[in-house]
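Data first, discussion second: the structure below is written as structure tokens.
The values are calculated or read from the model by the stated rules, or taken from the named source; none is laboratory data. The model shown is predicted, which means the values in this text are computed figures rather than measured ones. Here the Cβ positions follow ideal geometry from the backbone for every residue, glycine too, while neighbour counts run over all protein chains shown. For the accessible areas, the whole protein counts, side chains as well, though only heavy atoms, and no ligand, DNA or RNA atoms are used. Shrake-Rupley method; radii C 1.70, N 1.55, O 1.52, S 1.80 Å.
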2 protein chains.
Amino acid sequence: MTELSTETGARRSRREGGRRRDGEARVANAIPQLPRRRSVRRFPPMEILSGDEVEAIHQASLKVLEEIGMDFTLAEARDLLKQAGARIEGERVRFDRHMVEEFICSAPPHFTFHARNPQNTVEIGGDEMVFGTVGSPPNSSDMDNGRRSGNLADFHNFLKLAQYFNCIGFISGYAVEPIDVHASIRHLVALRDTAILTDKPFHAYSLGKERICDGIEIARIARGITADELEREPSLFTIVNTNSPLKLDAPMLRGIIEMSSRNQIVCVTPFTLAGAMAPVTVAGALVEQNAEALAGMVFTQVVRKGSPFIYGGFTSNVDMKSGAPAFGTPEYMKACIAGGQLARRYNVPYRTSNTCAANTVDAQAAYESVFSLWGVTMGGGNLIMHGAGWLEGGLVASFEKFVLDCDLIQMVMEFLTPLDVSADALGVDAIREVGPGGHFFGAAHTLARYEHAFYTPIISDWRNNQQWLAAGKPEAWQKANTVYKQALAEYKEPPIDPAIREELDAFVARRKQEGGAPTDF
Amino acid sequence: MTELSTETGARRSRREGGRRRDGEARVANAIPQLPRRRSVRRFPPMEILSGDEVEAIHQASLKVLEEIGMDFTLAEARDLLKQAGARIEGERVRFDRHMVEEFICSAPPHFTFHARNPQNTVEIGGDEMVFGTVGSPPNSSDMDNGRRSGNLADFHNFLKLAQYFNCIGFISGYAVEPIDVHASIRHLVALRDTAILTDKPFHAYSLGKERICDGIEIARIARGITADELEREPSLFTIVNTNSPLKLDAPMLRGIIEMSSRNQIVCVTPFTLAGAMAPVTVAGALVEQNAEALAGMVFTQVVRKGSPFIYGGFTSNVDMKSGAPAFGTPEYMKACIAGGQLARRYNVPYRTSNTCAANTVDAQAAYESVFSLWGVTMGGGNLIMHGAGWLEGGLVASFEKFVLDCDLIQMVMEFLTPLDVSADALGVDAIREVGPGGHFFGAAHTLARYEHAFYTPIISDWRNNQQWLAAGKPEAWQKANTVYKQALAEYKEPPIDPAIREELDAFVARRKQEGGAPTDF
């Protein structure tokens, strides 16, 4: 959000009680947004493991790294690790536990992630929670036109929604893969458009040297800073997924080398579905997750001591009948919360996700997502990937789910705000004024507060049955469908310095002319 | 659940991995239920108020009771309170803070709530969580026949579902009001049928002397015990709703007198919707809730020191645009969690609810319910009313929502089970066996565990998009619709001693002949 539109959002939010506070014209049917603000968890995160149990997982992961090791498929990475003390045998890298303990000390506990609009710069770590868009689905969908392959038009529309909704703190990657843009130049088009259509911090994929270096350059140009300044101010992040079990592929390792060496943000997220790529027990999957995340963390710190690292957790389970991935399950919640305990064991920020496995925006999509958010929030998640729009286990970016998730995220943000327990809020005088058998609708205490007393939802339909029937029995997804179109209609491109835009366009044009990036990865 | 059907449920649950463990024939499409078991919260409940803030609410409530007081509309109740030290002025009762502090010490921190089937007896308080059915909606609905006035046939079907689903621990009242039974004898019919069609512990309404005394007698007969034994073993509970703000009506007070004097369970639940019957601030609504709950608690202990009492919290907010009640909101979650802190301040069990305001079983119904369960679970709820079936802010008991909620409750129960972090579960040898780049589907560790490794949901559809499309794009409510009918078809009436059944029928027949209860309340 630009300064201007944030202010508009805040005004809207102040007006949502239904009456004008000042002389302004009322925005009819304004989408009730919270103002752009930080989300800070003010209670200790939940713990489902004892200290001894956290230590048991830690020790088991060290054993895995020491005895079994992990395959690193990039020679340059193996050379760096060898110099740092790892044992190399072919592609296999084994880590002495003392080496691991030494290298995991240097990653910072929290850091600033810079956006081209300073108002959208976010803090990562500690008690902060920042929610991003869905990232990487190959398909998109809305209720009007159904499920389709990802394309640039939908990609743009998701960027506009990401910019429009104040609760979205960052762009998680491509909300949907724009498959209609050739893979050699897709990253150039997508990242340029991300930097133009939004002014929030963003992500670049670690798919080989050219792509990640182009991403770093686009982030630098968009912020209008020098390479030195960029090194001081992390302005790009990348998710490095291990190829679980126990493998880190060359394009990803190249990403770590380019990003960490420039002090940009690397989040290593093992993809440990219990029963498939990881042991069938949640504890076993966590051991594998932890071993892989630690290996990634060590490598970032070998590349550059003190570079910003995020511990990624993505442990869930599969349906053992079909092998299908399951999300938002009790197992997912536990893995989320235990993962937070592990990340805090290493004193680094924690990445989790708002997930579901539903095929459509029905009750299942909602309950799996809220169970996910329960685990994410109570578990102390800092960077929340796939915050809005994720459907079908990540195979689909849904426009309706995006809006629904924004409502869920806003509710979590409101849940995080402390209760006002001032003498005034305790309201004894209001209770005295009304007395037994009365009501509070007209009390002075009520009249002074009613406009902003409670969260106003984006989606929830609280009309009574008669009104709801008369309105044609709308379901939540229908409201979400209306709202996403309204948001797109109201979207305003954030201002950008024309010189920066020109430099961005020139860079992208040149790199396109050079052929972009190889597609044989 | 009878012993027999519980065993069947457990067997089914063990079989849900898809393969036979023993020689039995497989039950095709068995509803995947958890076995009947206790739910114990093994982590400390969440706190959103500091100790000082809890104390501020406590002190404000004492001030309300001392200075403003509360109307008790039954002379006998006022007389009892006067003898105990309260100040009476007309119907108004004011409580000296020392009197309150004195009388709230004697209620037990936890107690046993007896069912006619000892296997269904539950513990109330401490870290135990017990989930009940929806209670008291005037309407019922299913997707086939829509919304209709409550009737005896639907009432019976909800009882059957309550009996069928292992996760349902008690009957919260009439899951739907059987309006087609005359009000004078409705309680006789409804409670007799509850005691016959289920063998779980149940509720009777405090609507004057006859009804509650009939309820107590039916509970006694159903258990086959004497009045003395009943006094030693609480076997019935009643919800006493205050007439907020600050009023306790005669039929409810009569209920407390009859129930507490016989050592049966009284739960006082103020109905404090912030902005309507309570101050527009959550803190103010909590002050009012707390004052009313404390007044009720004092009265139960005045009637009989040490009688079982449950602190009821039901604070939510209204939509200030329309006055419509809102549920499952951020405000509801906070009130749930703060309410738990207050109940623990007084060292008594805590009652909360699984609520929503949705008109249909869509995404809204699901997210409002899971947000409720989040507050309920993290807040340390012990007795969870309206656990399954609540829709439209309690105006409708929905068959599909009942099944959906059973799935949600089961997921909470699974979330509550501790992670197994034994050396075996950590699975280092499995990780060694599979190694980098492999998969765990065929690992020995997986094969030994896959049948029971993960929670099997009742509703969630994890099929891939092609399979889901081929199945006709079913939504969650459609699965719930199928399951509730299957559960009704599979329901088995629990065994009952013929002599007890005869005594029950004779009692009900006699009381019907006597005209039942007056209907001029």
Test: residue in segment B:433-443 that is touching a residue at least 60 places away in the same chain (Cβ under 8 Å), open to solvent by less than 80 Å² (accessible area, probe 1.4 Å) and in contact with a Pro (Cβ under 9 Å, 6 or more places away or on another chain): no
Residue count, segment A:152-176 (criterion: assigned to a helix (DSSP H, G or I) and either in contact with a Leu (Cβ under 6 Å, 6 or more places away or on another chain) or not hydroxyl-bearing (Ser, Thr, Tyr) (or both)): 12
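Find the residue count for segment B:444-455, including only residues that are in a loop (DSSP other than H, G, I, E, B) and closer than 13 Å to A:Ala274 by Cα. Before you say what the answer is, go through the steps one by one.
Looking only at segment B:444-455, we keep the residues that are in a loop (DSSP other than H, G, I, E, B), and these are B:448-449, B:453-455.
Of the ones still in play, those that are also closer than 13 Å to A:Ala274 by Cα are B:449, B:453-455.
The total comes to 4.
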Within segment B:46-151, helices (runs of 4 or more DSSP H) holding 3 or more residues that are exposed (fewer than 14 other Cβ atoms within 10 Å of the Cβ): B:51-63, B:75-83
B:Pro201 vs. criteria over 19 Å from the mean Cα position of the chain (by Cα) and open to solvent by less than 20 Å² (accessible area, probe 1.4 Å): no
Long-range neighbours under 9 Å by Cβ, at least six apart or interchain, first residue closer than 18 Å to A:Pro109 by Cα and open to solvent by 10 Å² or more (accessible area, probe 1.4 Å) within segment A:288-302, second outside any helix (DSSP H, G or I) and hydrophobic (A, V, I, L, M, F, W, C): A:Val302/A:Ala84; A:Val302/A:Ala86
Sole exception among (1) without any contact (Cβ under 8 Å) to a residue 60 or more places away in the chain; (2) aliphatic (A, V, I, L, M); (3) out of contact with any Leu (no Cβ under 9 Å at 6 or more places or on another chain) for B:Ala84, by number: (1)
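Against the condition among the β-branched types (Val, Ile, Thr), touching a residue at least 60 places away in the same chain (Cβ under 8 Å) and closer than 17 Å to B:Arg432 by Cα, how does A:Val93 come out, does it pass? Steps first, answer last, please.
Details: among the β-branched types (Val, Ile, Thr): yes; touching a residue at least 60 places away in the same chain (Cβ under 8 Å): yes; closer than 17 Å to B:Arg432 by Cα: yes.
Judged against the criteria, A:Val93 is a match.
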Some residue of segment A:453-465 being open to solvent by 60 Å² or more (accessible area, probe 1.4 Å), free of Cβ contacts under 8 Å to residues at least 40 places away in the same chain and within 14 Å of another protein chain (Cβ to nearest Cβ): yes
Meets criteria (part of a helix (DSSP H, G or I), more than 7 Å from chain B (Cβ to nearest Cβ) and more than 26 Å from A:Ala326 (Cα to Cα)) for A:Gln410: no
Residue list for segment A:303-316, restricted to those being within 19 Å of A:Pro251 (Cα to Cα) and open to solvent by 10 Å² or more (accessible area, probe 1.4 Å): A:Val303, A:Arg304
Output for segment A:337-368, where each listed residue is under 21 Å from A:Ala388 (Cβ atoms), of a type in the set (Gly, Ala, Ser) and facing chain B (nearest Cβ under 8 Å): A:Ala357, A:Ala358, A:Ala363, A:Ala365, A:Ala366
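Restricting to segment A:259-282, and then to whatever is not aliphatic (A, V, I, L, M) and not in a loop (DSSP other than H, G, I, E, B), can you tell me which residue is nearest to the other protein chains (Cβ to nearest Cβ)?
Going through segment A:259-282, the residues not aliphatic (A, V, I, L, M) turn out to be A:260-264, A:267, A:269-272, A:275, A:279, A:281.
Checking the rest, the ones that are also not in a loop (DSSP other than H, G, I, E, B) come to A:260-261, A:267, A:269.
On the way: A:Ser260: 22, A:Ser261: 25, A:Cys267: 21, A:Thr269: 17 Å.
If we take residues in segment A:259-282 being not aliphatic (A, V, I, L, M) and not in a loop (DSSP other than H, G, I, E, B), then A:Thr269 is nearest to the other protein chains (Cβ to nearest Cβ).
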Any hit, segment A:483-504, residues being outside any helix (DSSP H, G or I), of a type in the set (Ser, Thr, Tyr) and open to solvent by less than 80 Å² (accessible area, probe 1.4 Å): yes
Pairs with Cβ under 9 Å, 6+ apart, first in segment B:369-388 and on the phi > 0 side of the Ramachandran plot and within 14 Å of chain A (Cβ to nearest Cβ), second open to solvent by less than 10 Å² (accessible area, probe 1.4 Å) and part of a helix (DSSP H, G or I): B:Gly380/B:Ile337; B:Gly380/B:Gly340; B:Gly380/B:Ala343
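Report whether or not A:Lys334 is under 22 Å from B:Asp405 (Cα atoms), open to solvent by 10 Å² or more (accessible area, probe 1.4 Å) and either within 14 Å of chain B (Cβ to nearest Cβ) or under 16 Å from the mean Cα position of the chain (by Cα) (or both). Please lay out each step first, then the result.
Working: under 22 Å from B:Asp405 (Cα atoms): yes; open to solvent by 10 Å² or more (accessible area, probe 1.4 Å): yes; either within 14 Å of chain B (Cβ to nearest Cβ) or under 16 Å from the mean Cα position of the chain (by Cα) (or both): yes.
Against the criterion (under 22 Å from B:Asp405 (Cα atoms), open to solvent by 10 Å² or more (accessible area, probe 1.4 Å) and either within 14 Å of chain B (Cβ to nearest Cβ) or under 16 Å from the mean Cα position of the chain (by Cα) (or both)), A:Lys334 qualifies.
Let's see how each residue does on (1) in contact with a helix residue (DSSP H, G or I) (Cβ under 9 Å, 6 or more places away or on another chain); (2) β-branched (Val, Ile, Thr); (3) under 27 Å from B:Glu231 (Cβ atoms):
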| residue | (1), (2), (3) |
| --- | --- |
| B:Asn117 | yes, no, yes |
| B:Glu123 | no, no, yes |
| B:Gly135 | yes, no, yes |
| B:Ser141 | yes, no, no |
| B:Leu152 | yes, no, no |
| B:Phe155 | yes, no, no |
| B:Ala162 | yes, no, yes |
| B:Ala175 | yes, no, no |
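At least 3 residues that are closer than 30 Å to B:Glu233 by Cβ in each: list the strands (runs of 3 or more DSSP E) lying fully within segment B:305-396 that qualify.
The strands (runs of 3 or more DSSP E) meeting that bar are B:309-312, B:350-353, B:383-388.
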Output for segment B:194-211, where each listed residue is under 16 Å from B:Ser136 (Cα atoms) and not aromatic (Phe, Trp, Tyr): B:Thr194, B:His203, B:Ala204, B:Ser206, B:Leu207, B:Arg211
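One line per residue, one yes/no per condition, for (1) outside any loop (DSSP other than H, G, I, E, B); (2) touching a strand residue (DSSP E or B) at 6+ places or on another chain (Cβ under 8 Å); (3) at pLDDT 95 or above; (4) within 7 Å of another protein chain (Cβ to nearest Cβ):
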position: B:Glu414; (1), (2), (3), (4): yes, no, yes, yes
position: B:Asp424; (1), (2), (3), (4): yes, no, yes, no
position: B:Glu433; (1), (2), (3), (4): yes, no, yes, no
position: B:Gly442; (1), (2), (3), (4): no, no, no, no
Filter result for A:Asn139 (touching a residue at least 12 places away in the same chain (Cβ under 8 Å) and closer than 24 Å to A:Gly516 by Cα): yes
